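Let me begin by presenting the structure, written as structure tokens, before commenting on it.
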């Protein structure tokens with residue numbers, strides 16, 4: 001059955017990472033989906049998410065709004081600046097973080113994962129350990 005999830009119906013009870021707010025839009029709880037999970041994430045002006053990974057899940061990120069610096073790798077040594085319209089593929093267990101480069105406006109991301117498991121493993125920032 002087709003389901004429409006309006007912005008006010010999104011689920012904020014999903015796993016979170018410091019520095020960003022995630023909301024589920026397609027999930028088992030909201031739509032009965034069995035494999036696909038989708039949602040949004042918002043980083044406040046100038047905010048950076050904490051370092052994290054999503055376990056065995058593949059993740060797709062689409063930049064909706066804002067300029068986002070994406071860092072990844074065991075020591076977050078890889079860096080790419082992204083903008084609206086860019087897609088990012090994150091393989092399983094890849095430690096990464098998102099930094100909003102705009103000091104005045106929010107960055108908004110569309111998220112997709114190939115699992116219903118709400119795996120978010122927050123890890124210490126390897127650059128400070």
In nm, to one decimal, how far is the modelled label at residue 79 from the one at residue 114, with both set 7 Å along Cα→Cβ? 3.1 nm
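Among 90, 123, which comes first, second and so on when ranked by fewest other beta-carbon atoms within 10 Å?
Working: 90 19, 123 13.
Fewest to most other Cβ atoms nearby, the residues stand as 123, 90.
Mind ranking 72-84, 39-51 by how tightly packed they are, going by the mean number of other C-beta atoms within 10 angstrom, highest first? The partial results should precede the final answer.
Values: 72-84: 13.1, 39-51: 18.7.
Listed from highest to lowest mean packing, they are 39-51, 72-84.
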Calculated log₁₀ intensity ratio I(q)/I(0) where the Debye formula runs over C-alpha points of region 13-108, q = 0.11, 0.14, 0.18, 0.25 Å⁻¹: -0.31, -0.50, -0.84, -1.47
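FYI, it's all coordinate maths here, none of it is from the lab. Nothing here was measured: the structure is a model prediction, and the numbers come from that model. Virtual Cβ from ideal backbone geometry, glycine too; neighbours counted across all protein chains shown.
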